Amino acid sequence: MEQAEIGLIGLGVMGANLALNIAEKGNRIAVFNRTVEVTRKFYAEAGDLQGQIIACETMQEFVAAIRPPRPIIIMIKAGDPVDQQMALLKPYLSQGDIMIDAGNANFRDTMRRFESLKDSGLTFIGMGVSGGEEGARHGPSIMVGGTEDSWKRVEKVLTSISAKFNGDPCVAWLGENGAGHFVKTIHNGIEYADMQMIAEIYGILRDGMGMSASEIGDVFGRWNTGRLNSYLIEISEKVLKATDPISGKPMVDVIVDAAGQKGTGKWSVIEAQNMGVAATAIEAAVSGRVLSSQRTERLAAETILGLPSGQGAPQDSTAFLSDLENALLAAKIAAYAQGFAVMAAASREFGWNLPMPTIAKIWRAGCIIRSQFLDEITSAFTKDPDTANLIVTPAFATMVKETDGALRRVVSHAALAGLPVPALASALTYFDGYRRGRGTANLIQAQRDFFGAHGFDRLDGVDKHHGPWGSGLATLS
Ligand SMILES: NC(=O)c1ccc[n+]([C@@H]2O[C@H](COP(=O)([O-])OP(=O)(O)OC[C@H]3O[C@@H](n4cnc5c(N)ncnc54)[C@H](OP(=O)(O)O)[C@@H]3O)[C@@H](O)[C@H]2O)c1
(Lines give C-alpha, C1' and ligand atoms only; values in the text may rest on other atoms or scores of the structure.)
Protein backbone atom coordinates (compact mmCIF):
# COMPACT_ATOMS: atom_id res chain seq x y z
CA MET A 1 0.00 0.00 0.00
CA GLU A 2 1.27 3.48 -0.82
CA GLN A 3 2.57 5.14 2.34
CA ALA A 4 1.05 8.30 3.76
CA GLU A 5 2.78 11.66 3.46
CA ILE A 6 1.85 12.57 7.01
CA GLY A 7 0.17 11.10 10.12
CA LEU A 8 -2.31 12.58 12.58
CA ILE A 9 -3.23 11.46 16.08
CA GLY A 10 -6.43 12.74 17.70
CA LEU A 11 -9.68 12.76 15.76
CA GLY A 12 -11.57 15.23 17.98
CA VAL A 13 -13.13 18.37 16.51
CA MET A 14 -9.88 19.95 15.31
CA GLY A 15 -8.00 16.78 14.39
CA ALA A 16 -10.83 15.28 12.31
CA ASN A 17 -11.31 18.50 10.35
CA LEU A 18 -7.60 18.97 9.82
CA ALA A 19 -7.26 15.37 8.61
CA LEU A 20 -10.10 15.84 6.09
CA ASN A 21 -8.51 19.08 4.90
CA ILE A 22 -5.14 17.32 4.44
CA ALA A 23 -6.79 14.47 2.51
CA GLU A 24 -8.87 16.81 0.37
CA LYS A 25 -5.76 18.70 -0.77
CA GLY A 26 -4.42 15.48 -2.29
CA ASN A 27 -2.14 14.38 0.54
CA ARG A 28 -2.28 10.79 1.73
CA ILE A 29 -2.75 10.70 5.50
CA ALA A 30 -2.63 8.03 8.22
CA VAL A 31 -4.87 8.66 11.25
CA PHE A 32 -5.09 7.25 14.76
CA ASN A 33 -7.24 8.01 17.79
CA ARG A 34 -6.94 6.70 21.35
CA THR A 35 -10.55 5.48 21.26
CA VAL A 36 -10.82 3.12 18.29
CA GLU A 37 -14.57 3.69 17.73
CA VAL A 38 -13.79 7.34 16.98
CA THR A 39 -11.36 6.30 14.23
CA ARG A 40 -13.91 3.90 12.72
CA LYS A 41 -16.65 6.54 12.75
CA PHE A 42 -14.31 9.13 11.23
CA TYR A 43 -13.35 6.80 8.39
CA ALA A 44 -16.92 5.70 7.78
CA GLU A 45 -17.97 9.34 7.39
CA ALA A 46 -15.01 10.41 5.23
CA GLY A 47 -16.95 9.75 2.00
CA ASP A 48 -14.97 10.42 -1.17
CA LEU A 49 -11.85 11.15 0.85
CA GLN A 50 -11.53 7.57 2.12
CA GLY A 51 -9.08 6.77 -0.68
CA GLN A 52 -6.61 9.29 0.76
CA ILE A 53 -6.96 8.09 4.36
CA ILE A 54 -5.31 5.15 6.10
CA ALA A 55 -7.30 4.59 9.30
CA CYS A 56 -5.16 2.76 11.86
CA GLU A 57 -6.18 1.02 15.05
CA THR A 58 -2.76 0.32 16.56
CA MET A 59 0.24 2.58 16.99
CA GLN A 60 2.46 0.08 15.18
CA GLU A 61 0.18 -0.01 12.15
CA PHE A 62 -0.07 3.81 12.20
CA VAL A 63 3.67 4.47 12.24
CA ALA A 64 4.35 1.86 9.54
CA ALA A 65 1.80 3.57 7.30
CA ILE A 66 3.77 6.84 7.09
CA ARG A 67 6.69 7.60 4.76
CA PRO A 68 9.92 8.29 6.74
CA PRO A 69 11.06 10.71 7.98
CA ARG A 70 7.55 10.72 9.45
CA PRO A 71 5.79 13.96 10.31
CA ILE A 72 3.10 13.13 12.89
CA ILE A 73 0.59 15.75 13.96
CA ILE A 74 -0.66 15.33 17.53
CA MET A 75 -3.96 17.20 17.81
CA ILE A 76 -5.26 16.24 21.24
CA LYS A 77 -6.17 17.87 24.54
CA ALA A 78 -3.30 20.19 25.54
CA GLY A 79 -1.13 19.57 28.59
CA ASP A 80 -0.25 16.17 30.13
CA PRO A 81 -2.08 14.17 27.41
CA VAL A 82 0.50 15.42 24.90
CA ASP A 83 3.40 14.15 27.05
CA GLN A 84 1.59 10.83 27.53
CA GLN A 85 0.94 10.51 23.80
CA MET A 86 4.54 11.36 22.94
CA ALA A 87 5.83 8.72 25.37
CA LEU A 88 3.55 6.08 23.79
CA LEU A 89 4.58 7.07 20.27
CA LYS A 90 8.31 7.45 20.75
CA PRO A 91 9.31 3.73 20.87
CA TYR A 92 7.88 3.22 17.37
CA LEU A 93 9.69 6.13 15.73
CA SER A 94 13.03 6.25 13.95
CA GLN A 95 15.78 8.73 13.04
CA GLY A 96 14.48 12.03 11.66
CA ASP A 97 10.81 11.50 12.55
CA ILE A 98 8.97 14.65 13.63
CA MET A 99 6.36 14.93 16.37
CA ILE A 100 4.17 17.97 15.73
CA ASP A 101 2.03 19.28 18.57
CA ALA A 102 -0.78 21.23 16.89
CA GLY A 103 -2.85 21.87 20.02
CA ASN A 104 -2.93 25.05 22.07
CA ALA A 105 0.21 24.31 24.06
CA ASN A 106 1.96 26.60 26.47
CA PHE A 107 5.11 27.55 24.55
CA ARG A 108 7.21 26.79 27.63
CA ASP A 109 6.00 23.16 27.41
CA THR A 110 6.87 23.22 23.72
CA MET A 111 10.41 24.40 24.52
CA ARG A 112 10.75 21.63 27.10
CA ARG A 113 9.50 18.98 24.65
CA PHE A 114 11.74 20.28 21.88
CA GLU A 115 14.72 20.15 24.24
CA SER A 116 13.85 16.66 25.51
CA LEU A 117 14.10 15.23 21.98
CA LYS A 118 17.28 17.08 21.11
CA ASP A 119 19.74 14.17 21.18
CA SER A 120 17.24 11.44 20.37
CA GLY A 121 17.40 11.69 16.59
CA LEU A 122 13.76 12.78 16.64
CA THR A 123 12.56 16.36 16.31
CA PHE A 124 9.65 18.36 17.58
CA ILE A 125 7.51 21.05 16.01
CA GLY A 126 5.17 23.26 18.03
CA MET A 127 2.48 24.38 15.63
CA GLY A 128 -0.19 26.96 16.36
CA VAL A 129 -3.40 26.42 14.38
CA SER A 130 -6.03 29.13 14.32
CA GLY A 131 -9.46 29.31 12.77
CA GLY A 132 -11.45 26.88 14.88
CA GLU A 133 -13.31 23.97 13.35
CA GLU A 134 -14.10 25.76 10.08
CA GLY A 135 -10.50 26.89 9.64
CA ALA A 136 -9.15 23.41 10.31
CA ARG A 137 -11.48 21.97 7.66
CA HIS A 138 -11.09 24.57 4.91
CA GLY A 139 -7.89 26.51 5.61
CA PRO A 140 -6.40 27.58 8.93
CA SER A 141 -3.66 30.06 9.69
CA ILE A 142 -0.64 28.01 10.77
CA MET A 143 2.29 29.19 12.90
CA VAL A 144 5.24 26.80 12.89
CA GLY A 145 8.12 26.58 15.40
CA GLY A 146 10.92 24.02 15.12
CA THR A 147 14.11 23.40 13.17
CA GLU A 148 14.24 24.72 9.62
CA ASP A 149 14.91 21.18 8.32
CA SER A 150 11.81 19.77 9.96
CA TRP A 151 9.79 22.68 8.51
CA LYS A 152 11.04 21.78 5.02
CA ARG A 153 9.71 18.24 5.43
CA VAL A 154 6.18 19.52 6.19
CA GLU A 155 6.12 22.76 4.20
CA LYS A 156 4.38 21.31 1.15
CA VAL A 157 1.52 19.65 3.04
CA LEU A 158 0.98 22.59 5.37
CA THR A 159 1.03 25.08 2.51
CA SER A 160 -1.58 23.02 0.67
CA ILE A 161 -4.01 23.04 3.63
CA SER A 162 -3.51 26.61 4.86
CA ALA A 163 -5.85 29.54 4.24
CA LYS A 164 -4.89 31.82 1.37
CA PHE A 165 -5.03 35.63 1.31
CA ASN A 166 -5.02 36.85 -2.31
CA GLY A 167 -3.21 33.61 -3.14
CA ASP A 168 -0.57 33.94 -0.38
CA PRO A 169 -0.56 30.91 1.96
CA CYS A 170 -1.21 31.73 5.61
CA VAL A 171 1.49 29.46 6.99
CA ALA A 172 5.07 30.18 7.91
CA TRP A 173 8.04 28.88 9.79
CA LEU A 174 8.56 31.50 12.50
CA GLY A 175 11.63 30.23 14.34
CA GLU A 176 13.04 27.50 16.56
CA ASN A 177 11.41 25.57 19.39
CA GLY A 178 8.55 27.53 21.02
CA ALA A 179 8.23 30.31 18.39
CA GLY A 180 5.06 28.97 16.73
CA HIS A 181 3.17 28.34 19.95
CA PHE A 182 4.28 31.68 21.38
CA VAL A 183 2.94 33.55 18.36
CA LYS A 184 -0.31 31.55 18.58
CA THR A 185 -0.61 32.51 22.26
CA ILE A 186 -0.25 36.20 21.48
CA HIS A 187 -2.66 35.80 18.56
CA ASN A 188 -5.20 34.53 21.07
CA GLY A 189 -4.41 37.37 23.50
CA ILE A 190 -5.13 39.86 20.71
CA GLU A 191 -8.29 37.90 19.90
CA TYR A 192 -9.42 38.32 23.54
CA ALA A 193 -8.84 42.08 23.30
CA ASP A 194 -10.57 42.41 19.92
CA MET A 195 -13.64 40.51 21.19
CA GLN A 196 -13.77 42.45 24.46
CA MET A 197 -13.62 45.79 22.63
CA ILE A 198 -16.43 44.77 20.29
CA ALA A 199 -18.47 43.66 23.32
CA GLU A 200 -17.84 47.00 25.07
CA ILE A 201 -19.05 48.91 21.99
CA TYR A 202 -22.09 46.60 21.92
CA GLY A 203 -22.71 47.52 25.58
CA ILE A 204 -22.68 51.25 24.76
CA LEU A 205 -25.09 50.72 21.86
CA ARG A 206 -27.40 48.53 23.97
CA ASP A 207 -27.31 50.21 27.39
CA GLY A 208 -26.23 53.72 26.42
CA MET A 209 -28.29 54.18 23.27
CA GLY A 210 -31.10 51.70 23.90
CA MET A 211 -30.66 49.86 20.60
CA SER A 212 -32.03 46.36 19.98
CA ALA A 213 -29.81 43.43 19.09
CA SER A 214 -30.82 43.50 15.45
CA GLU A 215 -30.29 47.30 15.21
CA ILE A 216 -26.81 46.80 16.62
CA GLY A 217 -26.33 43.99 14.08
CA ASP A 218 -27.14 46.51 11.34
CA VAL A 219 -24.51 48.91 12.69
CA PHE A 220 -21.86 46.16 12.69
CA GLY A 221 -22.98 45.15 9.19
CA ARG A 222 -22.30 48.70 7.95
CA TRP A 223 -18.96 48.85 9.73
CA ASN A 224 -17.95 45.57 8.13
CA THR A 225 -17.92 47.31 4.75
CA GLY A 226 -15.43 49.91 6.03
CA ARG A 227 -12.10 49.98 7.83
CA LEU A 228 -13.31 47.59 10.54
CA ASN A 229 -13.93 44.87 7.95
CA SER A 230 -13.07 41.64 9.77
CA TYR A 231 -14.31 38.17 10.61
CA LEU A 232 -15.17 39.15 14.20
CA ILE A 233 -17.32 42.11 13.09
CA GLU A 234 -18.94 39.91 10.43
CA ILE A 235 -19.90 37.19 12.92
CA SER A 236 -21.02 39.80 15.46
CA GLU A 237 -23.60 41.03 12.95
CA LYS A 238 -24.74 37.46 12.34
CA VAL A 239 -25.10 36.50 16.00
CA LEU A 240 -26.87 39.78 16.84
CA LYS A 241 -29.44 39.13 14.12
CA ALA A 242 -30.07 35.49 15.08
CA THR A 243 -33.33 34.56 16.83
CA ASP A 244 -33.61 32.01 19.62
CA PRO A 245 -35.84 29.19 18.30
CA ILE A 246 -37.10 28.46 21.84
CA SER A 247 -38.14 31.92 23.09
CA GLY A 248 -38.36 33.80 19.80
CA LYS A 249 -36.15 36.52 21.34
CA PRO A 250 -32.83 37.71 19.91
CA MET A 251 -30.37 34.89 20.63
CA VAL A 252 -27.84 37.15 22.39
CA ASP A 253 -30.53 38.34 24.82
CA VAL A 254 -30.96 34.87 26.30
CA ILE A 255 -27.26 34.04 26.63
CA VAL A 256 -25.69 34.27 30.11
CA ASP A 257 -23.20 37.16 30.23
CA ALA A 258 -20.31 35.14 31.65
CA ALA A 259 -17.23 34.22 29.57
CA GLY A 260 -14.47 31.89 30.68
CA GLN A 261 -10.79 32.63 30.37
CA LYS A 262 -8.02 30.11 30.49
CA GLY A 263 -4.99 28.91 28.60
CA THR A 264 -3.73 31.19 25.90
CA GLY A 265 -5.50 34.43 26.97
CA LYS A 266 -4.10 34.16 30.47
CA TRP A 267 -0.68 33.05 29.23
CA SER A 268 -0.39 36.05 26.93
CA VAL A 269 -0.89 38.39 29.90
CA ILE A 270 1.57 36.42 32.04
CA GLU A 271 4.17 36.43 29.25
CA ALA A 272 3.68 40.15 28.60
CA GLN A 273 4.50 40.71 32.27
CA ASN A 274 7.43 38.27 32.08
CA MET A 275 8.81 40.20 29.09
CA GLY A 276 8.25 43.58 30.79
CA VAL A 277 5.84 44.79 28.10
CA ALA A 278 2.69 46.82 28.78
CA ALA A 279 -0.15 44.86 27.17
CA THR A 280 -2.92 46.73 28.95
CA ALA A 281 -5.72 46.06 26.44
CA ILE A 282 -5.08 42.30 26.54
CA GLU A 283 -4.90 42.41 30.35
CA ALA A 284 -8.18 44.34 30.47
CA ALA A 285 -9.81 41.76 28.20
CA VAL A 286 -8.75 38.83 30.38
CA SER A 287 -9.84 40.68 33.56
CA GLY A 288 -13.09 41.61 31.83
CA ARG A 289 -13.83 37.92 31.36
CA VAL A 290 -12.89 37.21 34.98
CA LEU A 291 -15.38 39.83 36.18
CA SER A 292 -18.01 38.55 33.75
CA SER A 293 -17.75 35.08 35.24
CA GLN A 294 -18.53 36.43 38.74
CA ARG A 295 -22.17 36.79 37.78
CA THR A 296 -23.70 35.97 41.15
CA GLU A 297 -21.51 38.55 42.86
CA ARG A 298 -22.32 41.14 40.20
CA LEU A 299 -26.06 40.62 40.58
CA ALA A 300 -25.75 40.96 44.37
CA ALA A 301 -23.60 44.09 44.01
CA GLU A 302 -26.15 45.70 41.70
CA THR A 303 -28.82 45.37 44.37
CA ILE A 304 -26.50 46.84 47.02
CA LEU A 305 -24.79 49.62 45.05
CA GLY A 306 -27.28 50.19 42.25
CA LEU A 307 -26.28 51.30 38.77
CA PRO A 308 -24.65 54.72 38.42
CA SER A 309 -27.14 57.44 37.53
CA GLY A 310 -25.11 58.41 34.53
CA GLN A 311 -25.82 60.69 31.62
CA GLY A 312 -28.32 59.59 28.98
CA ALA A 313 -27.87 58.83 25.30
CA PRO A 314 -25.68 61.22 23.29
CA GLN A 315 -27.43 64.18 21.62
CA ASP A 316 -26.22 63.55 18.10
CA SER A 317 -26.50 59.82 17.55
CA THR A 318 -25.18 59.95 13.96
CA ALA A 319 -21.97 61.67 15.05
CA PHE A 320 -21.68 59.33 18.05
CA LEU A 321 -22.01 56.23 15.85
CA SER A 322 -19.18 57.54 13.72
CA ASP A 323 -17.16 58.10 16.92
CA LEU A 324 -17.86 54.52 18.03
CA GLU A 325 -16.57 53.16 14.72
CA ASN A 326 -13.38 55.21 14.92
CA ALA A 327 -12.96 54.46 18.63
CA LEU A 328 -13.05 50.74 17.94
CA LEU A 329 -10.44 51.14 15.23
CA ALA A 330 -8.18 53.20 17.51
CA ALA A 331 -8.52 50.70 20.36
CA LYS A 332 -7.75 47.80 18.02
CA ILE A 333 -4.55 49.56 16.98
CA ALA A 334 -3.46 49.70 20.62
CA ALA A 335 -4.22 46.00 21.19
CA TYR A 336 -2.33 44.87 18.10
CA ALA A 337 0.58 47.20 18.84
CA GLN A 338 0.81 45.69 22.32
CA GLY A 339 0.66 42.11 21.02
CA PHE A 340 3.41 42.78 18.49
CA ALA A 341 5.50 44.50 21.17
CA VAL A 342 5.24 41.38 23.37
CA MET A 343 6.36 39.23 20.43
CA ALA A 344 9.29 41.56 19.70
CA ALA A 345 10.44 41.28 23.32
CA ALA A 346 10.10 37.48 23.33
CA SER A 347 11.96 37.29 20.04
CA ARG A 348 14.90 39.11 21.63
CA GLU A 349 14.73 37.03 24.81
CA PHE A 350 14.62 33.63 23.06
CA GLY A 351 16.70 34.53 19.99
CA TRP A 352 13.88 33.61 17.57
CA ASN A 353 14.24 36.51 15.17
CA LEU A 354 10.45 36.52 14.69
CA PRO A 355 9.50 37.94 11.29
CA MET A 356 6.86 40.56 12.16
CA PRO A 357 5.66 41.26 8.59
CA THR A 358 5.25 37.50 8.01
CA ILE A 359 3.24 37.08 11.22
CA ALA A 360 0.84 39.85 10.20
CA LYS A 361 0.67 38.29 6.73
CA ILE A 362 -0.32 34.81 7.90
CA TRP A 363 -3.04 36.25 10.14
CA ARG A 364 -4.78 37.96 7.19
CA ALA A 365 -6.89 34.88 6.45
CA GLY A 366 -7.87 31.62 8.13
CA CYS A 367 -7.73 32.80 11.72
CA ILE A 368 -10.29 34.35 14.05
CA ILE A 369 -8.67 37.80 14.00
CA ARG A 370 -8.42 37.93 10.20
CA SER A 371 -9.16 41.37 8.85
CA GLN A 372 -8.43 44.04 6.32
CA PHE A 373 -6.55 45.82 9.06
CA LEU A 374 -3.90 43.07 9.18
CA ASP A 375 -3.00 43.88 5.60
CA GLU A 376 -2.20 47.43 6.75
CA ILE A 377 -0.12 46.01 9.62
CA THR A 378 1.74 43.81 7.12
CA SER A 379 2.61 46.88 5.03
CA ALA A 380 3.73 48.88 8.07
CA PHE A 381 6.05 46.11 9.31
CA THR A 382 7.33 45.40 5.80
CA LYS A 383 8.40 49.05 5.49
CA ASP A 384 9.76 49.20 9.03
CA PRO A 385 10.32 45.69 10.49
CA ASP A 386 12.39 46.99 13.43
CA THR A 387 10.04 49.72 14.57
CA ALA A 388 9.87 50.21 18.33
CA ASN A 389 6.09 50.13 18.18
CA LEU A 390 3.43 49.78 15.48
CA ILE A 391 1.82 53.08 16.54
CA VAL A 392 4.87 55.13 15.59
CA THR A 393 5.08 53.77 12.03
CA PRO A 394 3.97 56.53 9.63
CA ALA A 395 0.72 54.86 8.51
CA PHE A 396 -0.41 53.94 12.02
CA ALA A 397 0.68 57.24 13.58
CA THR A 398 -1.65 58.90 11.07
CA MET A 399 -4.47 56.48 11.93
CA VAL A 400 -4.00 57.07 15.67
CA LYS A 401 -4.11 60.84 15.18
CA GLU A 402 -7.27 60.48 13.07
CA THR A 403 -9.13 58.26 15.52
CA ASP A 404 -7.94 58.82 19.08
CA GLY A 405 -10.21 61.85 19.52
CA ALA A 406 -13.20 59.59 18.89
CA LEU A 407 -11.85 57.05 21.38
CA ARG A 408 -11.49 59.84 23.96
CA ARG A 409 -15.08 60.98 23.43
CA VAL A 410 -16.43 57.42 23.60
CA VAL A 411 -14.50 56.54 26.77
CA SER A 412 -15.56 59.87 28.37
CA HIS A 413 -19.18 59.20 27.44
CA ALA A 414 -19.02 55.65 28.82
CA ALA A 415 -17.43 56.85 32.07
CA LEU A 416 -20.11 59.50 32.57
CA ALA A 417 -22.86 57.05 31.66
CA GLY A 418 -21.49 54.45 34.08
CA LEU A 419 -20.83 51.87 31.35
CA PRO A 420 -17.77 49.65 31.85
CA VAL A 421 -15.24 49.88 29.00
CA PRO A 422 -11.99 48.51 30.48
CA ALA A 423 -10.32 47.57 27.20
CA LEU A 424 -11.27 50.78 25.36
CA ALA A 425 -10.13 52.88 28.32
CA SER A 426 -6.88 50.98 28.64
CA ALA A 427 -6.19 51.52 24.93
CA LEU A 428 -6.72 55.25 25.35
CA THR A 429 -4.44 55.53 28.36
CA TYR A 430 -1.86 53.41 26.54
CA PHE A 431 -1.72 55.99 23.75
CA ASP A 432 -1.64 58.83 26.24
CA GLY A 433 1.08 57.19 28.34
CA TYR A 434 3.21 56.03 25.41
CA ARG A 435 3.37 59.40 23.69
CA ARG A 436 3.99 61.56 26.74
CA GLY A 437 7.70 62.30 26.94
CA ARG A 438 7.54 63.55 30.53
CA GLY A 439 5.57 61.11 32.67
CA THR A 440 5.01 60.90 36.42
CA ALA A 441 7.31 58.05 37.46
CA ASN A 442 9.76 60.64 38.81
CA LEU A 443 7.49 60.83 41.86
CA ILE A 444 7.50 57.02 42.17
CA GLN A 445 11.29 57.03 42.00
CA ALA A 446 11.44 59.67 44.72
CA GLN A 447 9.07 57.64 46.92
CA ARG A 448 11.12 54.49 46.35
CA ASP A 449 14.26 56.31 47.27
CA PHE A 450 12.60 57.77 50.36
CA PHE A 451 11.50 54.46 51.82
CA GLY A 452 14.06 52.10 50.31
CA ALA A 453 17.10 54.18 49.34
CA HIS A 454 16.79 52.84 45.77
CA GLY A 455 18.37 55.91 44.22
CA PHE A 456 17.29 57.57 40.99
CA ASP A 457 18.69 58.91 37.74
CA ARG A 458 18.74 62.69 37.26
CA LEU A 459 17.56 64.48 34.14
CA ASP A 460 20.83 66.40 34.02
CA GLY A 461 22.71 63.11 33.64
CA VAL A 462 24.74 63.46 36.81
CA ASP A 463 25.40 60.05 38.43
CA LYS A 464 22.79 58.16 40.40
CA HIS A 465 21.53 60.12 43.38
CA HIS A 466 19.58 59.89 46.60
CA GLY A 467 17.18 62.64 47.63
CA PRO A 468 17.60 65.11 50.49
CA TRP A 469 15.19 63.20 52.73
CA GLY A 470 16.23 61.41 55.88
CA SER A 471 19.70 62.86 56.24
CA GLY A 472 18.52 66.11 54.67
CA LEU A 473 21.42 65.95 52.20
CA ALA A 474 21.67 64.85 48.58
CA THR A 475 24.35 62.19 48.57
CA LEU A 476 26.04 60.52 45.66
CA SER A 477 25.63 56.72 45.82
N1 LIG B 1 -11.65 23.75 19.10
C2 LIG B 1 -11.01 24.82 18.63
O3 LIG B 1 -11.60 25.80 18.10
C4 LIG B 1 -9.51 24.87 18.69
C5 LIG B 1 -8.84 25.82 17.93
C6 LIG B 1 -7.45 25.83 17.92
C7 LIG B 1 -6.77 24.92 18.69
N8 LIG B 1 -7.46 23.99 19.45
C9 LIG B 1 -6.67 23.04 20.23
O10 LIG B 1 -6.67 21.79 19.55
C11 LIG B 1 -6.52 20.71 20.49
C12 LIG B 1 -7.65 19.73 20.26
O13 LIG B 1 -8.87 20.40 20.49
P14 LIG B 1 -10.28 19.79 20.05
O15 LIG B 1 -11.25 20.91 20.16
O16 LIG B 1 -10.15 19.06 18.77
O17 LIG B 1 -10.53 18.73 21.24
P18 LIG B 1 -11.63 17.57 21.39
O19 LIG B 1 -12.64 17.64 20.32
O20 LIG B 1 -12.08 17.61 22.80
O21 LIG B 1 -10.79 16.25 21.15
C22 LIG B 1 -9.84 15.83 22.07
C23 LIG B 1 -8.97 14.75 21.44
O24 LIG B 1 -7.91 14.49 22.35
C25 LIG B 1 -7.82 13.10 22.56
N26 LIG B 1 -7.26 12.86 23.88
C27 LIG B 1 -7.62 13.42 25.06
N28 LIG B 1 -6.84 12.97 26.04
C29 LIG B 1 -5.95 12.12 25.47
C30 LIG B 1 -4.87 11.35 25.97
N31 LIG B 1 -4.54 11.37 27.27
N32 LIG B 1 -4.16 10.61 25.09
C33 LIG B 1 -4.48 10.58 23.79
N34 LIG B 1 -5.50 11.28 23.26
C35 LIG B 1 -6.22 12.04 24.09
C36 LIG B 1 -9.24 12.61 22.42
O37 LIG B 1 -9.23 11.23 22.19
P38 LIG B 1 -10.48 10.29 22.62
O39 LIG B 1 -11.43 10.28 21.45
O40 LIG B 1 -9.87 8.96 22.83
O41 LIG B 1 -11.08 10.87 23.85
C42 LIG B 1 -9.68 13.43 21.21
O43 LIG B 1 -9.22 12.86 20.02
C44 LIG B 1 -6.51 21.39 21.87
O45 LIG B 1 -5.19 21.63 22.26
C46 LIG B 1 -7.20 22.70 21.61
O47 LIG B 1 -6.86 23.68 22.56
C48 LIG B 1 -8.81 23.95 19.44
**OP:** Per DSSP H run of at least 4 residues, take -39500 (n - 2.57); add these up for the chain, divide by its residues and hand me the 222 nm value, nearest 500 deg cm²/dmol.
**Re:** -17000 deg cm²/dmol
**OP:** Report, to the nearest whole %, how much of the accessible area of the chain belongs to carbon and sulfur atoms, 1.4 Å probe, protein only.
**Re:** 53 percent
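Taking K and R as +1 and D and E as -1, what net charge do the other residues with C-beta under 14 Å from the C-beta of S309 add up to? Please list the in-between numbers first.
Values: positive: none; negative: D207, E302.
Net charge around S309: -2.
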Original post:
Over the chain, what is the mean sequence separation of C-alpha contacts under 8 Å (at least six apart), divided by residue count, expressed as relative contact order in percent?
Top reply: 13 percent
**OP:** Kindly express, to the nearest 10 degrees and within the range 0 to 90, the angle between helix 280-293's C-alpha long axis and the longest C-alpha principal axis of the chain.
**Re:** 80 degrees
Subject >> Solvent-accessible area of L459 with every protein chain in place, 1.4 Å probe, in Å² to the nearest 10 >> reply: 150 Å²
**OP:** Report the extension gain between S116 and T243 in nm, rounded to one decimal, defined as 0.36 nm multiplied by the number of residues separating them, less their alpha carbon distance.
**Re:** 40.6 nm
Original post:
Given a cut-off of under 8 Å on Cα pairs at least six residues apart, what relative contact order in percent is computed for the stretch 213-320?
Top reply: 18 percent
Subject >> A300/D83 FRET efficiency (R0 51 Å; Cβ-Cβ; nearest 0.05) >> reply: 0.75
**OP:** Would you please put 292-302, 66-76, 161-171 in order of how densely packed they are, using the mean number of other Cβ atoms within 10 angstrom per residue and starting with the highest?
**Re:** 66-76, 161-171, 292-302
Subject >> Rounded tilt (10° steps) of 80-89 against the dominant C-alpha axis of the chain >> reply: 20 degrees
Original post:
So what is the relative contact order of the stretch 185-434, in percent, for Cα pairs below 8 Å that sit 6 or more residues apart?
Top reply: 29 percent
**OP:** Compute the accessible area per residue over the chain, keeping the other protein chains in place, probe 1.4 Å, unit Å².
**Re:** 46 Å²
Subject >> Helix 179-203 vs. the chain, principal-axis angle (Cα, 0 to 90°, nearest 10) >> reply: 50 degrees
Subject >> Additional length obtainable on full extension of the chain from D460 to A44, 0.36 nm per residue less Cα span >> reply: 142.1 nm
**OP:** Keeping every protein chain in place, order K383, K332 by accessible area at 1.4 Å, biggest value first, i.e. largest first.
**Re:** K383, K332
**OP:** Any chance you could run the full-extension gain for D386 through V256? It's 0.36 nm times the residue separation minus the Cα-Cα distance, nm to one decimal.
**Re:** 42.5 nm
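The values are calculated or read from the model by the stated rules, or taken from the named source; none is laboratory data. Because the structure is predicted, anything quoted here is derived from the model rather than measured. A quick note on method: Cβ atoms are made from the backbone with ideal geometry, for glycine too, and the neighbour counts reach across all protein chains shown. Surface areas here come from the heavy atoms of the whole protein model, side chains and all, with no ligands, DNA or RNA. Shrake-Rupley method; radii C 1.70, N 1.55, O 1.52, S 1.80 Å.
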